[in-house]
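Q: Sharing a structure here in structure tokens format.
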Amino acid sequence: MKSRSIDMCNGSLWKNIFLFSVPLMCAQILEVLFNLSDVAVVGKFADYTALGAVGSTTILVTLHTGFLIGMGSGVTVIVARNLGLGDAIKTKKSIFSACIACCIVGLFVAMISYLSADWLLRILHTKDALMKQAVLYLKIYSLGFPAMAIYQFGNGVLSANGDTKRSLLYLTIAGILNVLLNLFFVIVCGKAADGVAIASAIAQYVSAFLVVVHLLKREDICQLQLDFSRLERSSCFEILSIGIPAGIQNAVFAIANLFVQRGVNSFDAIVVSGNSAANNADTIVYNILAAFHTGCSSFVSKNYGAGNIDRMQKSYFVALFYSAMTGIICGSLLWMFGREFLALFTNEATVIDAGMEKLKVMSLSYWLSSFMDCTIAASRGIGKSVVPAIIVILGSCVFRVFWVYSVFASFHSIFSLYLLYPCSWILTAAFEIGYFVVCFHKIKKESVFIS
């Protein structure tokens, strides 16, 4: 067990954050492949309407999965802090409480997504030709959300203990299964959007099963003990107070992007399909960067619990550097090989041309998002989740809606629509950094006073 864990409170931060984040990065990419392989298989082996149908649900899938991932990050923060404090009893209680909380939230999200699938897709002005398959895909995919919530709980516990390699192993198994099932249901069974949705749901339950079995078999402080006497209101409240705002922070981008999707849907089907293909690049890059953001919140939280104030600050700057540099590298690769990337999802040259319109803007902008997301993660690590969520709502959601109905409405060009992404990142990052600086200085003063 120990050989898999990264020491967050000692040693080189450059080395430890990198070693912590790389397996998590690979795991994040594999998780993205659940939806990505859906798009690729239907685009290559079904038809462009199936591609458009699955792509039309991407924002809604991101909305719900983002919320569940946020819950997982809340688990990471609370468990890491208790580990930093060295409180074994509180750690075990927080782990069981987190399991129950995530199960309930997962069931709730699945129910909401399933029942509102048709309504939400109509709000997005989904094309009539795509509507039937899109609704079916989203409803079936929703059945996997409880499993996703359980996996995020387990991943949160493992990450808090510095073990990110095991999550990679489990998602590798589930990811390979997902791709094989996609090919089976589409090519062999002749299904389209519904087939890849079934495959994704099955894969989600496999990953959840693997992580829960591991936690039950552990023999250390991070063992999951199914004992309801360990259920604590205070632990549940702590996890929800961090997890729900964190989930909102993740989901609010998808909410804002609902309005962006409405703008995209005002163009023809070629642009809609091109945007759907390009969205896969966004999803991959965001999840790669999210590995460093999770590393930031984990290292900040555990060192906060251990009282290592200077190491908290250094953790933030190291994670921010890694995230921004990774954004630049990913953007450069997409700038050079964007067409080849889009060709993985469509055979239509006109769809690739439409997708490149978005990639040209985004490839130059990904690194900007690091200043916003990494700062949010650092704030979450010190237990501040509500105010950062409010800032995100104003800076990214409200601002993007304003942009759609003002700048985009005036120019009505796809370039003016895509430009809202970097502009909203810059605005939100400025306020998030200001808030974190104020909170950190307050913690630093209190630690000096106590000492």
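The values are calculated or read from the model by the stated rules, or taken from the named source; none is laboratory data. This is a predicted model, so every value here is computed, not measured. Quick reminder, even Gly has a Cβ in these numbers, built from the backbone with ideal geometry, and neighbours come from all protein chains shown. Ligands, DNA and RNA are stripped out before the accessible areas are found, and what is left, the full protein with its side chains, is counted by its heavy atoms. Shrake-Rupley method; radii C 1.70, N 1.55, O 1.52, S 1.80 Å.
Q: Restricting to the range 1-22, and then to whatever is open to solvent by less than 10 Å² (accessible area, probe 1.4 Å) and part of a helix (DSSP H, G or I), can you tell me which residue is modelled with the highest pLDDT?
A: Quick first cut of the range 1-22, residues open to solvent by less than 10 Å² (accessible area, probe 1.4 Å) only: 8, 17, 20-21.
Still in the running and part of a helix (DSSP H, G or I): 17, 20-21.
Details: Ile17: 92, Phe20: 88, Ser21: 88.
Going through the qualifying residues, I end up with Ile17.
Q: Out of the residues in the range 425-451 meeting the condition of being hydroxyl-bearing (Ser, Thr, Tyr) and touching a residue at least 40 places away in the same chain (Cβ under 8 Å), tell me which one is surrounded by the fewest Cβ atoms within 10 Å (Cβ to Cβ).
A: Initially, the range 425-451 is screened for residues hydroxyl-bearing (Ser, Thr, Tyr), giving 428, 435, 447, 451.
Retained after the next criterion (residues that are touching a residue at least 40 places away in the same chain (Cβ under 8 Å)): 428, 435, 447.
On the way: Thr428: 27, Tyr435: 18, Ser447: 15.
Only one residue fits best here, namely Ser447.
Q: Let me ask you something else. For Ser273, work out the one condition from (1) in contact with a Cys (Cβ under 9 Å, 6 or more places away or on another chain); (2) open to solvent by less than 30 Å² (accessible area, probe 1.4 Å); (3) over 22 Å from Ala80 (Cα atoms) it doesn't fulfil.
A: (1)
Q: Those residues that are out of contact with any Phe, Trp or Tyr (no Cβ under 9 Å at 6 or more places or on another chain) and among the hydrophobic types (A, V, I, L, M, F, W, C), I need them from the range 410-448; list them, please.
A: Hits for the range 410-448 are Phe411, Phe415, Phe431, Val437, Val438, Cys439, Val448.
Q: Same structure, new question: Output the residue which, of all residues in the range 241-253 that are among the aliphatic types (A, V, I, L, M) and surrounded by 21 or more Cβ atoms within 10 Å (Cβ to Cβ), is modelled with the lowest pLDDT.
A: Narrowing the range 241-253 to residues among the aliphatic types (A, V, I, L, M): 242, 244, 246, 248, 251-252.
Subset that is surrounded by 21 or more Cβ atoms within 10 Å (Cβ to Cβ): 242, 246, 248, 251-252.
Details: Ile242: 78, Ala246: 74, Ile248: 76, Ala251: 69, Val252: 72.
Only one residue fits best here, namely Ala251.
Q: Can we say Ile433 is modelled with pLDDT of 90 or more and either of a type in the set (D, E, K, R) or in contact with a helix residue (DSSP H, G or I) (Cβ under 6 Å, 6 or more places away or on another chain) (or both)? Break it down stepwise before answering.
A: On the way: modelled with pLDDT of 90 or more: yes; either of a type in the set (D, E, K, R) or in contact with a helix residue (DSSP H, G or I) (Cβ under 6 Å, 6 or more places away or on another chain) (or both): yes.
Yes; evaluated as a whole, the condition is true for this residue.
Q: Name the pairs whose Cβ atoms lie under 7 Å apart, with the first residue in the range 82-99 and among the acidic types (Asp, Glu), the second surrounded by fewer than 20 Cβ atoms within 10 Å (Cβ to Cβ), and 6 or more positions between them or separate chains?
A: none
Q: Out of the range 338-352, which residues are touching a helix residue (DSSP H, G or I) at 6+ places or on another chain (Cβ under 9 Å) and open to solvent by 70 Å² or more (accessible area, probe 1.4 Å)?
A: Hits for the range 338-352 are Arg339, Leu344, Asn347, Glu348, Thr350.
Q: Starting from the range 273-289, keep only residues that are over 16 Å from Thr350 (Cα atoms), then list their pairs with residues that are surrounded by fewer than 23 Cβ atoms within 10 Å (Cβ to Cβ) and of a type in the set (Gly, Ala, Ser) whose Cβ atoms are within a distance under 8 Å, requiring at least 6 positions of separation or different chains.
A: Matching pairs, first to second residue: Ala281/Gly338; Val285/Gly331.
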